[in-house]
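For reference, the structure is listed below as structure tokens.
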Amino acid sequence: MNSAVMKEKAEKRLPEGWQVVKFGEIAKHISKRVEPTETDLDIYVGLEHLDPDSLRIKRHGVPSDVAGQKLLVKKGQIIFGKRRVYQRKLAVADWECICSAHAMVLEEIAGMIVPGFLPYFMQSDLFMSRALSVSSGSLSPTIKWKDLSHQEFFIPPIAEQQRLLPVLRSIDLQVEQLLQAFGAARKAMRVLSLKVFANYFDVAEKKRERLPSGWNVRCVSDLLVTSPQSGLSPKELYKDSGFYVLNLNCLSSDGFVSNDYKNIDESSFSKKALLRDGDLLISRSNAPELVGFVGLYRDDMSRNAIFPDTMWRLNVDESIVSKEYLHNYLLSPYARSEIKRIAAGTSGSMKKINKTSFGAMKIPVPPLPEQALINSNIDGFRSSLKQFQQNIDNIRNLKMGLLHQLLSYK
């Protein structure tokens, strides 16, 4: 039975107003290539600039950052990460720019879909799971337009799309407002951090603050009971195995965030690198702005997880310094500046810190009771940030629920 006949039969079973469409009937693939050295445009968008489940592009690079042909993007067109679709990277361009060739550039085809609805449709679990199912390649699964364009979907009536579109946009606006509040709380925590952890050791400044009475100077190596422990990076397994390795993006400017665990084969699992609740981790190798991020490992699901070889586990001598205090100091602005200074490497995209330089890094160490007070003040802000993030996640889950309800015709 040919596809046209199958489509006709499916349409007869659908409620009134619903349609069966191929993705290529509602989305047009744009593939105009550009050399970064030959464009007058001043914005480059890579997949690293896209946030999962967000249609807004909040950061970008410039064409001189990259080499090789890229894709031309017009204002209003959709940038969809075709590599590793499970990362759910999809956004609408606010300006003309160029983007990574690891993305697809798409625009709506008028007729079967309301203008502005396509990006939301593509954010749905229905679309994302289908896109993932047609991805090919073991190391970095990628979608081909030919395969995606032939995928058939049930599309609700135009009236239903028109009814829900303002609601979806309102939800996105609420998320943006919460993100702004989140940013304000983060700035306030930075001010506190600058006050508590003053400019004690900045080698680039001649005028430095004196340590408060009772505080000592210790090198990182003096605060550890063992040398920093390296992890392992087994090959990723693209099915649930019950054994995991952390992704580097689990360490952020806010500390540890529980996301993006990679499945690995049980034979690749190592008990020596097994993570325990409260382990202090640091990224020893990463992009210049991300290298040296730390986090205290937390996992409510008690996964069998290890950390990658791009991280170290720091075994802290807690008779001198608490893990929480060292964690908070290493995330402070002055400590971040020092970590970036000691990070080495000729690559502009990746930097590394070595054990010798990191071990020699100076740490201001107050008495343990004062450490506890500092931790309490900083953790108050961190709790607020966590609550903002929970609210953002709840609203985004509401949005996904509405999309699921809209796109389910049964």
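Computed values, structure above
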item	result
Subset tally (residues that are of a type in the set (Ser, Thr, Tyr) and either surrounded by 14 or more Cβ atoms within 10 Å (Cβ to Cβ) or touching a Leu at 6+ places or on another chain (Cβ under 8 Å) (or both)) for segment 52-97	2
Selected residue [out of contact with any Leu (no Cβ under 6 Å at 6 or more places or on another chain), exposed (fewer than 13 other Cβ atoms within 10 Å of the Cβ) and either within 28 Å of Ile378 (Cα to Cα) or free of Cβ contacts under 8 Å to residues at least 24 places away in the same chain (or both)] from Val225, Val196	Val225
Helices (runs of 4 or more DSSP H) contained in segment 64-152 and holding at least 1 residues in contact with a Gly (Cβ under 8 Å, 6 or more places away or on another chain) and in contact (Cβ under 8 Å) with a residue 40 or more places away in the chain	145-149
Among the residues listed as Arg186, Arg210, Arg190, Arg218, the single one being open to solvent by 30 Å² or more (accessible area, probe 1.4 Å) and without any contact (Cβ under 8 Å) to a residue 12 or more places away in the chain	Arg210
Filter pass, Lys74 being modelled with pLDDT of 95 or more and out of contact with any helix residue (DSSP H, G or I) (no Cβ under 7 Å at 6 or more places or on another chain)	yes
Verdict on Tyr334 being touching a residue at least 40 places away in the same chain (Cβ under 8 Å), out of contact with any strand residue (DSSP E or B) (no Cβ under 8 Å at 6 or more places or on another chain) and closer than 30 Å to Glu209 by Cα	yes
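The values are calculated or read from the model by the stated rules, or taken from the named source; none is laboratory data. Every value quoted in this text rests on a predicted model; they were computed, and no experiment measured them. Neighbour counts are summed over all protein chains in view; Cβ atoms, including those assigned to glycine, are modelled from backbone coordinates with ideal geometry. Surface accessibility is based on the protein's heavy atoms, side chains included, excluding ligands, DNA and RNA. Shrake-Rupley method; radii C 1.70, N 1.55, O 1.52, S 1.80 Å.
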